[in-house]
Amino acid sequence: MIDARLALRKESKHRSLVRITDETVCGGKDLFIIGGPCSVESFAQMQEVAYKLSTAPVQALRGGVFKPRTSPYAFQGLGADGLSILKEIKKSSGLPVVSEVMSEEQVELMASYADVLQVGSRNMQNFELLKALGKVKLPVLLKRGLSATLEEFILAAEYLLSHGNDNVILCERGIRSFDKYTRNVLDLAAVVALRQITHLPVVVDPSHATGRRELIADLARAAVACGADGLMIECHPQPDVSVSDAQQAISLDDMVAIVDSLRPIALAVGRRVKVTKQALIDSNIDSQPNRYPSNQIDQPFASANRGWAGGR
Ligand code: PEP
Ligand code: MN
């Protein structure tokens, strides 16, 4: 028995909607798709991301400004400069932004810039941070810890709920295992189980789950097929020069193509991908409902000798 009083589903129709903006909710019929780079790098970068992805269309942009990096010598994020970029981009694109909050001290600052506060894997059990976020009413995207059991994950969500924040989205982002071919193992069984055990929306992040861009399109589709309420995917105007997580970054064109390819799958499982007028014109989806992007964005085994995908 999991000692959770608020996160557990009471009956099969019990599902929570998390409101992101007046137009956008997570957990309803429409998929909640988040796209953007691992890290905010410059205004020009984010402007290009927002311009391209608003036609995808995605429902939110992502970009880290405080980055949890394995090495203290790796890029740590633009910090306050990154926040002003997010503010501008949010204003010009009208899209909500998702960004990571790393500590209790950052909560107030981040809450004044981001629409969804991301708690990274490394902080899933930072209980003081969770308690502080409980007091904020903004939606929280809680990522599964690196090796967290479902019970630990649900109890971390329970911290947010029991401290007053009902707006909790769970994010499956892969868990540690022995095989270094992929960065982590994407646990799609967890997506199905979490939606059965809890009433909270579940979003899948195939980027951190695999660490390999060539695996993302197919796993994004698999996630939607098994009932995920949304996706978070890292993409970049020039994926290879991304300052962090370059190997898993996909191009903006590939991101648009993936979103397009989700339509028939979403339909098959009673979901929908939002359509903008511009997207309809650009992709001509009426006449090509089954157009899939290539899953050979990068030849999987041609790049296999880069092998190690762990610990970035
Ligand atoms: C991220 O989303 O950029 C990130 C660091 O993810 P995770 O916490 O899942 O490693
Ligand atoms: Mn990343």
Accessible-area composition of the chain, carbon plus sulfur, in percent [1.4 Å probe] = 54
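Region 90-148: which trypsin sites (Lys or Arg not before Pro) are DSSP loop and have at most 13 other beta-carbon atoms within 10 angstrom? Spell out each step's value before the answer.
Numbers: sites: LYS90, LYS91, ARG122, LYS131, LYS135, LYS137, LYS143, ARG144; in loops: LYS135, LYS137, ARG144.
Loop-located and lightly packed - LYS135, LYS137.
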Hey, what do the phi angles of region 137-149 turn into as Karplus ³J(HN,Hα) couplings, whole Hz, using 6.51/-1.76/1.60 and θ = phi - 60°, x for Gly and Pro?
-> 8, 5, x, 10, 9, 9, 8, 5, x, 3, 9, 6, 6
Surface accessible to a 1.4 Å probe, per residue, for the residues of region 24-302, Å² | 39
Dipole of the chain, Cα-centred, from +1 at each Lys and Arg C-beta and -1 at each Asp and Glu C-beta, to the nearest 20 debye?
-> 520
Taking the dipole of region 130-277 about the Cα centre (Lys, Arg +1; Asp, Glu -1; charges at Cβ), the one of ILE250, LEU231, TYR181 that reaches farthest to the positive side is LEU231
Karplus ³J(HN,Hα) for region 28-37 (6.51 cos²θ - 1.76 cosθ + 1.60, θ = phi - 60°; Hz, whole; x = Gly/Pro) runs x, 5, 6, 5, 9, 10, 10, x, x, x
Counting sequence-distant residues (5 or more places) and residues on other chains, those with an amide H built under 5 Å from that of MET232 are ILE34, VAL204, ASP205
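So what is the relative contact order for region 24-302, in percent, with contacts set as C-alpha pairs under 8 Å and at least six apart? Working shown, then result.
On the way: 574 pairs, mean separation 55.0, N = 279.
It rounds to 20 percent for region 24-302.
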Size of the chain along its principal axes in angstrom, Cα-based, largest extent first?
-> 48, 46, 43
Counting only residues 5 or more apart in sequence or on a different chain, those whose built amide H sits under 5 Å from that of VAL25 are ILE20
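The values are calculated or read from the model by the stated rules, or taken from the named source; none is laboratory data. In this text the structure is predicted, and so the values were computed from the model without any measurement. Methodologically, a virtual Cβ is constructed for each residue, glycine included, from the backbone with ideal geometry; neighbour enumeration extends over all protein chains shown. The area values use the complete protein model at the heavy-atom level, side chains included, leaving out ligands, DNA and RNA. Shrake-Rupley method; radii C 1.70, N 1.55, O 1.52, S 1.80 Å.
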